[in-house]
Amino acid sequence: VLLLTGAADGGIRLWDGRTGVLVGAAVGHGARVNAVVWAAGGGGCYSADALGAIKFWEADWRGAGGGGGLKCIQTLKKEGGAAVDSLSLHPSKRRLRVQLRSGALIGLDTRTYHFSTRYVGHSTGEYHVRAGYSPDGRLVFSGDAKGGLHVWVEETGAVLLEGRAIGLLGPLLQVAWSPVEHLVACAAFGPGNALITLAHDSRRENSSG
């Protein structure tokens, strides 16, 4: 079991998940690392920082005590240095969803490193909002600074829900879709906000409900 972390010193680290032993590290970012995610097959990873840099790393791990390493293969920057708040890998492993502090939400092709689909209509303000994919990869979802829920068609960027109010009193920072049930958990910033669980009905994707 291997654990991947990012840190305020601009570094990413690999840990043995069973023993807690550090097995690999690299400090390649010029700012705090806000997001890390494994690449396809676990042989590499992506990291992103507060200055908008996204890096792809090749990971070599030979187990606790055996040494390990991280080699930067590619570095990208987008949106004039806006901080990257979150990353998530599409179930197909062919696209990486990039959430920027500027409010931009973009799909990155992991084979060509070109930015493709853009998902518009939400705002993040000063908050660390995290977007994600549905388990089947067909939908992209995110909260916003006003507490609304947004959902888009992954392939086209078409809007399915635009800022739907779900009863939160603060910014909706985290949306998590259950991998085994049609349930979505939503968590907001601020006092008095309960964790809200929503049931997804795919029959209503093309309706206003």
Filter result for the condition that a residue is open to solvent by 30 Å² or more (accessible area, probe 1.4 Å), under 21 Å from V36 (Cβ atoms) and without any contact (Cβ under 8 Å) to a residue 40 or more places away in the chain, over R130, R118, R111: R111
Check on T124, open to solvent by less than 30 Å² (accessible area, probe 1.4 Å) and among the hydroxyl-bearing types (S, T, Y): yes
Need pairs with beta-carbon distance below 6 Å; first residue among the charged types (D, E, K, R) and within the range 139-151, second crowded, with 21+ Cβ neighbours inside 10 Å; sequence gap 6+ or separate chains. D144/H122
Select from the range 157-169 the residues that are farther than 27 Å from R95 by Cβ and either modelled with pLDDT under 90 or charged (D, E, K, R) (or both) and write down the one among them that is surrounded by the most Cβ atoms within 10 Å (Cβ to Cβ). L168
For the range 76-103, how many residues are in contact with a helix residue (DSSP H, G or I) (Cβ under 6 Å, 6 or more places away or on another chain) and either buried (at least 19 other Cβ atoms within 10 Å of the Cβ) or outside any loop (DSSP other than H, G, I, E, B) (or both)? 1
Failed condition for V180, given (1) part of a strand (DSSP E or B); (2) open to solvent by 30 Å² or more (accessible area, probe 1.4 Å), with all others met? (1)
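The values are calculated or read from the model by the stated rules, or taken from the named source; none is laboratory data. Since the structure is predicted, the reported quantities are computational estimates derived from the model, not experimental observations. Positions of Cβ are generated from backbone atoms using ideal geometry, with glycine treated the same way; all protein chains shown enter the neighbour counts. When the accessible area is computed, the model is the full protein with side chains, heavy atoms only, and any ligands, DNA or RNA have been set aside. Shrake-Rupley method; radii C 1.70, N 1.55, O 1.52, S 1.80 Å.
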